[in-house]
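The structure under discussion appears below in the form of structure tokens.
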Amino acid sequence: MEDLIAFLPTSAMNPYISLLQAAVESCGVRVEPLPSPITQDWLREHQGDRSVLHYHWPSYEFTASGRREMRERLAMWTSHLRYARELDYGVVWTVHNLYPHEQENRDLQREGRCIMIECATGLLVHCRYAAEQLESHFRVQIPISVIPFGSYEPAFDGTVDTRDARGALSLDPTSFVYLSFGLIRSYNGIDNLIAEFRGYTAPHTELVIAGLPVTKEAEDLLHSASQSDARIRVFPRFLDREAVRLVFQPAMQLFCRTRTY
């Protein structure tokens with residue numbers, strides 16, 4: 001019998017994929033990289049009775065800045081995905097969100113998701129709410145499997161002394177530390193968080209904002225916040241795993257900034 005092969009996307013920024021790969025491999029499944037985009041030649045070369053294409057963020061396969069280009073990319077991706085099904089590939093989609101957070105050309109984004117669902121042989125979500133949202137927004141004709149989100153702990157093993165972490169981040173030794181962590185985009189409400197914290201008058205509190213701003217507007221907002229309020233500590237960059245441990249160690253409360261599923 002041929003090995004079961006799962007083709008997964010790669011990601012250098014988020015350990016989610018590498019942790020998923022390790023978990024899948026522990027079940028005896030061989031994991032190979034999923035190219036972006038797939039082509040008919042690649043599909044024929046890797047064809048097998050037990051091969052699965054596992055997508056997570058399908059919008060990356062067809063999103064483009066111009067509407068005409070996006071239509072062309074969507075048509076090509078649709079053709080290749082349907083060809084994969086003709087070759088008996090399994091197609092799995094782990095649905096992390098209904099739509100991309102940046103929602104230009106929403107009608108084309110919806111069309112892409114409808115194609116993804118049409119071709120899928122399996123749909124995965126991380127909570128029951130996500131399954132309910134998927135079923136209410138799209139025509140789903142196959143079962144949805146709910147698999148809880150895994151732990152990031154294996155990617156961030158090791159400890160950091162809290163006092164050392166506070167010192168490295170220039171935090172007060174006794175302050176109550178709030179943390180906002182992750183890529184900083186227009187949709188995730190960092191402007192509201194900064195405004196709310198500025199109006200918060202409780203003594204001995206500090207806010208750490210750690211993450212890469214993806215626009216000049218977000219970068220300017222963080223710079224202005226750190227200059228106007230000494231309690232706000234900003235680390236506007238991509239953080240490696242050691243730095244992630246450092247910013248989390250003194251944190252007493254974490255703010256989750258995403259506004260929509």
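With the condition kept exactly as written, say whether any residue in the range 152-163 is outside any strand (DSSP E or B), touching a Ser or Thr at 6+ places or on another chain (Cβ under 9 Å) and under 20 Å from residue 253 (Cα atoms). Checked against the condition, which is being outside any strand (DSSP E or B), touching a Ser or Thr at 6+ places or on another chain (Cβ under 9 Å) and under 20 Å from residue 253 (Cα atoms), the range 152-163 yields no hits at all. For the range 188-208, a tally of residues being in contact (Cβ under 8 Å) with a residue 12 or more places away in the chain, assigned to a helix (DSSP H, G or I) and small (Gly, Ala, Ser) returns 0. Filtering the range 111-169 to residues that are in contact with a Cys (Cβ under 7 Å, 6 or more places away or on another chain) and under 26 Å from residue 71 (Cα atoms) leaves only 138.
Taking the condition closer than 27 Å to residue 144 by Cβ, touching a Phe, Trp or Tyr at 6+ places or on another chain (Cβ under 8 Å) and of a type in the set (Gly, Ala, Ser), does residue 79 pass?
no
So if I check each of 238, 248, which one is assigned by TED's automatic domain parsing to the domain that holds residue 171 and over 14 Å from residue 169 (Cα atoms)? None of the other options fit; the residue is 238. Among the criteria (1) under 30 Å from residue 149 (Cα atoms); (2) more than 21 Å from the chain's Cα centre (by Cα), the one residue 55 does not fulfil is (2).
Candidates are the residues of the range 81-129 that are surrounded by fewer than 14 Cβ atoms within 10 Å (Cβ to Cβ) and among the acidic types (Asp, Glu); the one that is modelled with the lowest pLDDT is 102. Scanning the range 209-235 for residues that are part of a loop (DSSP other than H, G, I, E, B), closer than 16 Å to residue 169 by Cα and among the hydrophobic types (A, V, I, L, M, F, W, C) gives a single hit, 230. Close contacts from the range 98-109, counting a first residue that is of a type in the set (Lys, Arg) and a second that is outside any helix (DSSP H, G or I) and surrounded by fewer than 16 Cβ atoms within 10 Å (Cβ to Cβ), with Cβ to Cβ under 7 Å and a gap of 6+ residues or different chains, come to 106/99.
The values are calculated or read from the model by the stated rules, or taken from the named source; none is laboratory data. Just so we're clear, the structure is a prediction, and the values are computed from it rather than from any experiment. With ideal geometry, Cβ positions are generated from the backbone for all residues, glycine too; neighbour counts draw on all protein chains shown.
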